[in-house]
Each structure stands twice: as C-alpha cells, then as structure tokens.
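These notes are about the structure you will find just below.
The values are calculated or read from the model by the stated rules, or taken from the named source; none is laboratory data. The model shown is predicted, which means the values in this text are computed figures rather than measured ones. When we count neighbours, we look across all protein chains shown, and the Cβ atoms used for this are built from the backbone with ideal geometry, even at glycine.
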Amino acid sequence: MKKVILSSFLMLTASMYSCKKNNGESVIGNITYPDMAEASDPAVLFTAANGVKVYNGGFGSAVASDPNDPAVFYMLTDRGPNADGPADNIKVFGKPDFTPQIGKFRLKEGKLILEQTILLKNAAGGNLNGLPNLVGAGSSEETAVDLNGVVLAPSVDGLDSEGLVRASDGSFWVSDEYGPHLVHFDPSGKTIERINPFGDGTGGRKIPAVFAKRKPNRGMEGLAITPDGKTLVGIMQSPMFNPSKAEVKGSVVLRILTFEIATGATKQYVYLMDDASLTGVSEILAVNSTTFLTLERDGEYGGSSKTPATFKKVFKIDLSKATDISDSANGANGKLFGGKTPEQLKDLASIQAAGIVPVSKTVVLDLLKDLPSIYPHDKAEGLALVNGNTLVISNDDDFGVIPGEKGSFAAKILPYTNTVDHNRLYFVKIKL
C-alpha cells in the first residue's frame, strides 16, 4: 500500500488522541475501531409478493463521521428499493413513499447500532421521496411504476441521494443523481436550500448549466466539504453526456465541481477514471483544501467465483495545479476546447493536447488487496476519515435486494459469504 502524506495538523491530532493496540486496531480514547462492523438487525421494510424480504438498510450510499463523538457515524440512503421494469427506462419502485434518510449509527461492541433516523424533508416540512424529477428539472428519463405496474407521477420533491457531508453546525449537505441537486438540510432533515443547474430550487442559486448534461442515474455521486467548512466539492460518477451519449462513448473524463457556500462561486476540474468500463467514482473526501480522496470501482462482487471484482481503489488527488475549465458564459455545454467538450476529448493525451491539466491522482488503497479479509461487496460507496489516519469505507447494500425477474426483487446474496448483503463499515489504517 502506498503511503498517504496528510497535513501536519492531522498527524498532530493522531499523535495526541490515538494509539495502536498490539493487534493493529485504531483507538481514540475508549473507542476501538475493528476491521469491520455490520449494522445490527436491520428492520424488514416489507416482504415482496414472492417472499423476498426488503430491509431498511440502504444506508451505505455515503458515510460522515461525527467530530464530537468518534463512535458515531451518519449514513445515507438513496431513493429506496427499486428494480428494472418490463421494458427499457421503466423502473419499479417497491415502496413509492419511501423517504430518503440519514441514519445515525453508533459503534458499540463491534456492531453498528441505529440510534436515530433523520427523514429528509422539503422546505415546508413535507417528506421528500425517491421518485424521478420532472422533465427539464432533473428527470432521469425513467418512467416510475409501483409493484402493480401503476405509473407514478414524477415529483419535484424527488431526490436520489448519494453524497453526504456534515457541517460543523450539525446541518447536512446532500448531493444526488437526479438534478444533480445540492441540498442543505438542517439537523432535523428540513431543507434549507436546494441548488441545481435549473435555478428552481429553494433559494434560486444555481450550479453551472453544463451539469444538466449528467448521464441519467450517474449524477453527483460524491460530495465533500473542505476542513474550513467554506467549500463543497462534488464529483460526477460517470462522464456526462456532453454533448451527447454517442459523442462521449469510451470517455474517461469526469468533472469535479467546487462550490463556495457563502458566495456561490464555482470552479470545475477534470478527473480521469482509470478505465472507461468502470462504474465510476462513488465518493470524494477532503483531506485539506486542495487534497482529496476518491473511491473508484467496478460493479462486481469481491470474491465471486464467476465474475470477480477486479477494481475497487481509493486515490489521493490534488486540485492545486489542475486547470479550471469553467465557462464564463455558462453555456449549456460548458467551455469548449478546439470546438469540443472535455468529455469529447475522452482521454489523457487529448486532454493534455487541449492544454488542460487534470487533477493529479495516486493510489492510496486497493480494497481487493489491502484489507485483512476479502471485500465481498459490489458497491463501495462512502468514505470518512477518523483519527487522522483511519479510513472508513461504507457499502451500499441496496436494501438487501436486487432486481429479479422483470418487476420483482431477488435477495442480494454476496457470492463469497452466501449471505444477504447488509450495511457495513470497514476501518483501514492508512500509514502516514
């Protein structure tokens, strides 16, 4: 494993508050971080007609630590249990009234105990839902139906939540795969402000128009906040369809967005995936104002005997020398380089030929090689940092189900363990 050089502040914090047991576990005060902790006894959300149990898991889309309590972790769900429908672009919602939510978990005796559920609400206090947005306002180009095939209307309150940060005042920022939207919630989960490329959110502020070109269901998957609390940093999961799906086939170009919370000022940078076949980047985590960690992965299961996972890695990236590719005119396709969008340039050679410097990128951790045991999941989706040198990784368990036959669910069984997937946190020491 390559070493990560973090700030002297983090090293000082680690030396003041941590120690190492003989078995290598990380310790803060009376808190011992195990190699892995699983959510304890998740409730059954409902049982499908075919007998498959759908759990109220799904909390692994993101994870945020609590700076005031090293045993507490906030974890985020996405839009709820869903399955592919009987035709393309039809999505079956197992529980259409599911409310995206944040779970407050406490690490206790090696398990994650759900202490509080924070339902995400709109500015009027009504519960949000996971249904697709309206056309022209963040639509995923899906037709939503319930388990009986009844078409569900798109919703202005729909949120496919994926990125989560906790601000110092206890409020939360969430990014999603629809708009993409950046939504600020108070500690109770009520919307303070919703920001998107369309300007129709609470408060009316916008992010650049080009982000409306995001690939459906591949929006702003990861979200970070700089240690000073002033800037949000989001990363797109996949190359945007900019200008079109056909024009970016084979591209590895992703965008990073920085958003100054006080002023709304933004910047954009190019991030290059390792391979166009990957599912993309699931998370971004701030180390300091210019250095971040990203989580890049494929969609296969670790330890599978049929199609085993081959790529789930954490990278350290640096924005300090990267080119700001922002478009001062805020055009629909953003700034062009030689008449092409960055996504059309597709690879490192073309990006460099256009005079663009992408963010630097080095491997920090390989989940498939550097953990003490097999990483059995398909979806590594959340990152947090505790103790200054212990990386926390969450998995999305998809509520314990996957799409079965068209319009139904099947149990999400991990091939390596032959058990239903549940939310876990993995704790990995990063040597300084």
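Values computed for the structure shown
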{"read-out": "Subset of region 260-279 (residues that are farther than 21 Å from THR341 by Cα and assigned to a strand (DSSP E or B))", "value": "GLU260"}
{"read-out": "Residue match in region 383-401 (condition: modelled with pLDDT of 95 or more, assigned to a loop (DSSP other than H, G, I, E, B) and in contact with a helix residue (DSSP H, G or I) (Cβ under 9 Å, 6 or more places away or on another chain))", "value": "no"}
{"read-out": "Test: residue in region 395-412 that is in contact with a His (Cβ under 9 Å, 6 or more places away or on another chain), crowded, with 20+ Cβ neighbours inside 10 Å and small (Gly, Ala, Ser)", "value": "yes"}
{"read-out": "Scan of region 158-181 for residues that are closer than 13 Å to GLY229 by Cβ and among the small types (Gly, Ala, Ser), ordered by number", "value": "ALA167, SER168, GLY170, SER171"}
{"read-out": "Which listed residue, of ILE317, ILE374, ILE356, ILE325, is modelled with pLDDT of 95 or more and out of contact with any strand residue (DSSP E or B) (no Cβ under 6 Å at 6 or more places or on another chain)", "value": "ILE374"}
{"read-out": "Top-ranked residue in region 279-314 [being of a type in the set (Ser, Thr, Tyr) and more than 22 Å from VAL174 (Cβ to Cβ); ranked as farthest from the chain's Cα centre (by Cα)]", "value": "SER305"}
{"read-out": "Residue in region 195-204 that is touching a Ser or Thr at 6+ places or on another chain (Cβ under 9 Å) and within 23 Å of ILE90 (Cα to Cα) present", "value": "no"}
{"read-out": "Selected residue [closer than 30 Å to MET273 by Cβ, in contact with an Asp or Glu (Cβ under 9 Å, 6 or more places away or on another chain) and among the β-branched types (Val, Ile, Thr)] from VAL174, VAL165, VAL233", "value": "VAL174"}
{"read-out": "Residue in region 403-421 that is in contact with a strand residue (DSSP E or B) (Cβ under 7 Å, 6 or more places away or on another chain) and closer than 20 Å to ASN288 by Cα present", "value": "no"}
{"read-out": "Residue ranges of strands (runs of 3 or more DSSP E) in region 43-103 with at least 3 members in contact (Cβ under 8 Å) with a residue 24 or more places away in the chain and surrounded by 24 or more Cβ atoms within 10 Å (Cβ to Cβ)", "value": "62-66, 69-76"}
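Results for (1) over 30 Å from VAL145 (Cα atoms); (2) of a type in the set (Gly, Ala, Ser), shown as yes or no for each residue.
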residue: ALA332; (1), (2): yes, yes
residue: GLY355; (1), (2): yes, yes
residue: ILE374; (1), (2): yes, no
residue: LEU391; (1), (2): yes, no
residue: ASP398; (1), (2): no, no
residue: GLU405; (1), (2): no, no
residue: LYS412; (1), (2): no, no
residue: ASN423; (1), (2): no, no
